[in-house]
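Each remark here refers to the structure printed beneath this line.
The values are calculated or read from the model by the stated rules, or taken from the named source; none is laboratory data. In this text the structure is predicted, and so the values were computed from the model without any measurement. Glycine gets a Cβ as well: all are built from the backbone with ideal geometry, and neighbour counts include every protein chain shown. Side chains are part of the model used for accessible areas, which takes the heavy atoms of the whole protein and leaves out ligands, DNA and RNA. Shrake-Rupley method; radii C 1.70, N 1.55, O 1.52, S 1.80 Å.
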Amino acid sequence: KTAQGKVIGVLAVQSYDKDIHYNKMHKEILTFVSTQVAMVVERKRTEEALRESEEQYRVIVEQSHDAIFIYSENKIVYANDNLFKLLGVSPKEIDKSNLLDYIHPEDKLVIEEYIKQQNRGDETLSDIEARIINKKEQLKVIELNLTKMFYKGKEAFIVVVSDVTGRKAGENLQKALY
């Protein structure tokens, strides 16, 4: 049995010698051993489930069309390739970057306030729209969503950034035509 009392197997002991009889002490030892084995089996199953879950999330993040990164202790500690593409930087350059440096000057105050609100733990805020200027001097319109989390025991943000430049251009064109 597991620690929660769930039976996951049977440990059978048998002697072919008629003179050997098992007593209460033997039963207690076998119960202890079977509990230890059950805990190891349960831990292995849990570890495997965790590995599968981590792999699923990794694939989702890596295959996402959005830029996704984790920001902790004033630095990016994880980023998918779409962040590098969006900002026009290499993975090595991102380590030296302050993301606010890419935010359009007219949008910085709004983004800084959004970050403060999330840091204070205000209700989950919806996406916020802003403009960035990437390293290639391209102006992009983004939707940004921050969610507070813990990463390796420390407070962090998981940040999802959607490039909506094309959609915004289409909306502007539609407004101009109608």
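Which of these, Ile29, Ile133, Ile142, has the largest mean-square fluctuation under a Gaussian network model of the chain (Cα springs below 10 Å)?
Ile29
Quick one: check the C-alpha center-to-center distance for segment 1-55 versus segment 113-158, whole angstrom.
Taking the Cα centre of segment 113-158 as reference, the centre of segment 1-55 is 48 Å away.
Rounded to the nearest 20 debye, what is the charge dipole size of segment 85-152 about its Cα centre when +1 sits on each Lys and Arg Cβ and -1 on each Asp and Glu Cβ?
400 debye
In sequence order, what are the phi-derived ³J(HN,Hα) couplings for segment 59-68 according to the Karplus relation 6.51 cos²θ - 1.76 cosθ + 1.60 with θ = phi - 60°, rounded to whole Hz, with x for glycine and proline?
So the Karplus estimates, Gly and Pro as x, are 5, 4, 5, 5, 8, 5, 7, 8, 7, 10 Hz.
With all protein chains present, how much of the accessible area of segment 6-113 (probe radius 1.4 Å) comes from carbon and sulfur, to the nearest whole percent?
The value for segment 6-113 is 57 percent carbon and sulfur by accessible area.
Please list, by residue number, every one of the GluC sites (Glu not before Pro) in segment 75-135 that is coil in DSSP and has at most 14 other beta-carbon atoms within 10 Å.
Glu123
What percent does the relative contact order of the chain come to when contacts are Cα pairs within less than 8 Å and at least six residues apart?
17 percent
Anyone know which of Tyr22, Tyr151, Tyr57 comes out most mobile in the 10 Å Cα GNM of the chain?
Per the Cα network of the chain with a 10 Å cutoff, Tyr22 tops the list.
In segment 124-178, which trypsin sites (Lys or Arg not before Pro) fall in coil by DSSP and have 11 or fewer other Cβ atoms within 10 Å?
Here the trypsin sites (Lys or Arg not before Pro) that fit, given the DSSP loop and packing criteria, are Lys136, Lys152.
Positive end of the charge dipole of the chain (Lys, Arg +1 and Asp, Glu -1 on Cβ, about the Cα centre): tell me which of Leu109, Val33, Asn82 has its Cα farthest that way.
Val33
Among Val13, Val160, Val77, which one shows the highest mean-square fluctuation when the chain is modelled as a Gaussian network with alpha-carbon springs under 10 Å?
Highest fluctuation of the listed residues: Val13.
Roll a 1.4 Å probe over the protein chains and send me the accessible area per residue for segment 92-178 in Å².
Per residue, segment 92-178 has 69 Å² of solvent-accessible surface.
For every helix of n ≥ 4 consecutive DSSP H residues, a contribution of -39,500 (n - 2.57) applies; sum these over the chain, divide by its total residues, and give [θ] at 222 nm rounded to the nearest 500 deg cm²/dmol.
-14500 deg cm²/dmol, from helical runs alone.
Please list, by residue number, every one of the GluC sites (Glu not before Pro) in segment 53-83 that is coil in DSSP and has at most 11 other beta-carbon atoms within 10 Å.
Listed in order of number, the matching sites are Glu73.
How large is the accessible surface per residue of segment 1-80, computed with a 1.4 Å probe and reported in Å² as a whole number?
83 Å²
Can you give the charge dipole size of the chain about its Cα centre, rounded to the nearest 20 debye, using +1 on the beta carbon of Lys and Arg and -1 on the beta carbon of Asp and Glu?
Charge dipole of the chain: 460 debye, to the nearest 20.
Under 8 Å for C-alpha pairs, at least 6 residues apart: give me the relative contact order for segment 46-125, rounded to a whole percent.
15 percent
If the chain were replaced by its equivalent ellipsoid, with semi-axes equal to the square roots of 5 times the Cα gyration tensor eigenvalues, what would those be, largest first, whole Å?
57, 17, 15
Please compute the length gained on full extension between Ser64 and Tyr151, using 0.36 nm multiplied by the number of residues separating them and subtracting their Cα-Cα distance.
Full-extension gain reported as 29.3 nm.
Could you name the lysines whose alpha carbon sits less than 25 Å from that of Lys27, not counting residues in the same chain fewer than 8 places away?
Reachable lysines: Lys1, Lys6, Lys18.
Please list the radius of gyration and Dmax for segment 1-43, considering alpha-carbon atoms only, with Å as the unit.
12.3, 38
How would you classify segment 1-79 from its alpha-carbon gyration tensor, with a ≥ b ≥ c the square roots of the eigenvalues: rounded for a/c under 1.5, else prolate if a/b is greater than b/c, otherwise oblate?
In terms of gyration-tensor shape, prolate.
Can you tell me how segment 111-178 classifies by the Cα gyration tensor, rounded, prolate or oblate, using a/c under 1.5 as the rounded cut?
Taking the square roots of the gyration eigenvalues as a ≥ b ≥ c, segment 111-178 is prolate.
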